[in-house]
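Chemist: A single structure is presented below for examination.
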Amino acid sequence: MKKNSGWVKSVTICLAVGLVMLGAGFYHFAGEPQAIQAGSIVEAAFEEQTAVEKTENQAAEETSDPEESEAGEKAVTSEPAPAKSATDQGTTEQKKTTAPGEEPVVTASANSTTNTPVDHKAEHETEKETVSKPVETVTEQPAVEPAPAPEPVETTSQPVAEPVPAVSAPVTYRWGSAANYTFRMEVKVTNNGSDPSRNVNVSVPLLENRSPYQTTALKSVNYNVVSTSGRVSTFNLGDMAPGETKTIVADFDIRVLPVSINSTNETVEKARQAYNQYAGSGNCRTLALGFIGKAREMGVEAREVVGFARPQRGAMTSGSLAGARHSWAEFYVDGLGWVPVDLTFQYFGEFPNTSHIVESYGDQSITVNYSGGSLSASWSNLIL
């Protein structure tokens, strides 16, 4: 029994050993390839994990670059993606080829540049889905353009308005009481030769009739008027024997008004400046021409007046006007007319009395045309 028991134990051991060897053989031929396959998956995952970590480190280094930090902040990160993808490589090449001084164009990729921990398990689970997603380019333009800002309203700084002076009344004439006179002009022509003078024609400047403070009308004349040019009339005296004298007599009705102006303006003040410079004693024509020249320099129109004035400051009186020939001036005010200025009498913008009689604006002489003999001419004036 003991021998049979030992043999049974030996057989049992042999069977056990055989089963073990049989299991080992089965494991060798069936289980080892599966282990190898599983091991290759683990190694591939490990390699991919290592590549992801390297890519994250590389992206972190690029983000830490001062020149590209601003671009890194602008990168849009949506969800993780596999490392070393073709899209990520294209993005890296695009950054490298950006021209110096030009802001790099940042493209959105699955590779995150933030410090958020990566869930590697989720990464592998979504690997195929992430790789298949297209890459979206992010530009500097916002997704929706804002409404244009309203155009700024141009504003110009206006100077502080100076106080507007009170508008003065318009310059007008103020008239006094009129005086009526009969003015006589006499022109004497004498043949001083021994031969007769044939066809004698005498051209005489008559009184002016363009004054604002005097009206003039030819009342009568003793010779026929042959022609007239302006205020100059020509009279025919016929033939004159040696030593003969003929006199042309022309009477005028004149009406004279005292005048003054009641206000002032820029023109009046400019004329006053010229007046202040020349008013005073001196030759009347020299003073008048000085005022006229100065007024014209200042842009004020002015003209000379030739006529008669009594030395006393009063109305014209009857009698000869010998020694009363006189010159004064007038300046022009828009909207009004001619204003008198007498530098000798020191009247500015006024004639307070009917003391001045206008003969002409600009002095003119008598002319005589004839044939034969030797003629002379003279004239005189008086108030009747």
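The values are calculated or read from the model by the stated rules, or taken from the named source; none is laboratory data. Because the structure is predicted, anything quoted here is derived from the model rather than measured. Cβ coordinates were reconstructed from backbone atoms using ideal geometry, including for glycine residues, and neighbour counts include every protein chain displayed. Surface accessibility is based on the protein's heavy atoms, side chains included, excluding ligands, DNA and RNA. Shrake-Rupley method; radii C 1.70, N 1.55, O 1.52, S 1.80 Å.
Chemist: Looking only at region 281-290, count how many residues are open to solvent by less than 60 Å² (accessible area, probe 1.4 Å) and either free of Cβ contacts under 8 Å to residues at least 60 places away in the same chain or in a helix (DSSP H, G or I) (or both).
Modeler: Step one: of region 281-290, the residues open to solvent by less than 60 Å² (accessible area, probe 1.4 Å) are 282, 284, 287-288, 290.
Next, only the ones that are either free of Cβ contacts under 8 Å to residues at least 60 places away in the same chain or in a helix (DSSP H, G or I) (or both) stay: 284, 287-288, 290.
Within region 281-290, residues that are open to solvent by less than 60 Å² (accessible area, probe 1.4 Å) and either free of Cβ contacts under 8 Å to residues at least 60 places away in the same chain or in a helix (DSSP H, G or I) (or both) number 4.
Chemist: Go through region 373-384 and count every residue that is open to solvent by 40 Å² or more (accessible area, probe 1.4 Å) and not in a strand (DSSP E or B).
Modeler: Qualifying residue count, region 373-384: 2.
Chemist: Output yes when any residue across region 291-312 is assigned to a loop (DSSP other than H, G, I, E, B), open to solvent by 50 Å² or more (accessible area, probe 1.4 Å), at pLDDT below 95 and under 26 Å from G176 (Cα atoms), and no when none is.
Modeler: At the first step, the residues of region 291-312 found to be assigned to a loop (DSSP other than H, G, I, E, B) are 298-301, 310-312.
Subsequent filtering for residues that are open to solvent by 50 Å² or more (accessible area, probe 1.4 Å) retains 299, 301, 311-312.
When the remaining residues are screened for being at pLDDT below 95, the result is 311-312.
Add one more test, that the residue is under 26 Å from G176 (Cα atoms), and what stays is 311-312.
Yes, region 291-312 has at least one match.
Chemist: Something else now. Could you please tell me which pairs satisfy a Cβ distance under 9 Å, a separation of 6+ or placement on different chains, a first residue in region 233-261 that is free of Cβ contacts under 8 Å to residues at least 40 places away in the same chain, and a second residue that is acidic (D, E) and open to solvent by 20 Å² or more (accessible area, probe 1.4 Å)?
Modeler: none
Chemist: Please work out which residue is farthest from the chain's Cα centre (by Cα), limiting yourself to region 204-223 and to residues that are assigned to a strand (DSSP E or B) and not aliphatic (A, V, I, L, M).
Modeler: To start, the set of residues in region 204-223 that are assigned to a strand (DSSP E or B) comprises 204-205, 211, 214-221.
Those left that are additionally not aliphatic (A, V, I, L, M): 205, 211, 214-216, 219-220.
Working: P205: 54, S211: 44, Q214: 49, T215: 50, T216: 53, K219: 61, S220: 64 Å.
Taking the candidates together, the pick is S220.
Chemist: Further question: Looking only at residues in region 345-372 that are of a type in the set (D, E) and open to solvent by 40 Å² or more (accessible area, probe 1.4 Å), which one is nearest to E186 (Cα to Cα)?
Modeler: In the first step, residues of region 345-372 are kept if they are of a type in the set (D, E); the result is 350, 359, 363.
When the remaining residues are screened for being open to solvent by 40 Å² or more (accessible area, probe 1.4 Å), the result is 350, 363.
Details: E350: 30, D363: 17 Å.
Checked region 345-372; the qualifying residue nearest to E186 (Cα to Cα) is D363.
Chemist: Tally time: how many residues in region 185-238 are among the hydrophobic types (A, V, I, L, M, F, W, C) and open to solvent by 40 Å² or more (accessible area, probe 1.4 Å)? Give the derivation first.
Modeler: Here is the first cut: in region 185-238, the ones among the hydrophobic types (A, V, I, L, M, F, W, C) are 185, 187, 189, 200, 202, 204, 206-207, 217-218, 221, 225-226, 232, 235, 237.
Subsequent filtering for residues that are open to solvent by 40 Å² or more (accessible area, probe 1.4 Å) retains 217-218, 221, 225-226.
So the answer is 5.
Chemist: Sort out which residues of region 330-351 are within 16 Å of Q214 (Cβ to Cβ) and among the small types (G, A, S), and write them in order of number.
Modeler: The one that is within 16 Å of Q214 (Cβ to Cβ) and among the small types (G, A, S): G337.
Chemist: Out of the residues in region 329-344 meeting the condition of being assigned to a loop (DSSP other than H, G, I, E, B) and under 16 Å from A274 (Cβ atoms), tell me which one is most open to solvent (accessible area, probe 1.4 Å).
Modeler: Looking only at region 329-344, we keep the residues that are assigned to a loop (DSSP other than H, G, I, E, B), and these are 334-336, 343-344.
Filter again for under 16 Å from A274 (Cβ atoms), leaving 343-344.
Details: L343: 3, T344: 49 Å².
That would be T344.
To keep it simple, each residue is scored yes or no on (1) modelled with pLDDT of 95 or more; (2) within 33 Å of the chain's Cα centre (by Cα); (3) among the hydrophobic types (A, V, I, L, M, F, W, C).
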residue	(1), (2), (3)
T156	no, yes, no
V167	no, yes, yes
Y173	yes, no, no
G176	yes, no, no
E186	yes, no, no
T190	yes, no, no
P196	yes, no, no
N199	yes, no, no
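Chemist: Next question. Of all residues in region 198-232, count the ones that are free of Cβ contacts under 8 Å to residues at least 24 places away in the same chain and touching a Phe, Trp or Tyr at 6+ places or on another chain (Cβ under 8 Å).
Modeler: So the answer is 2.
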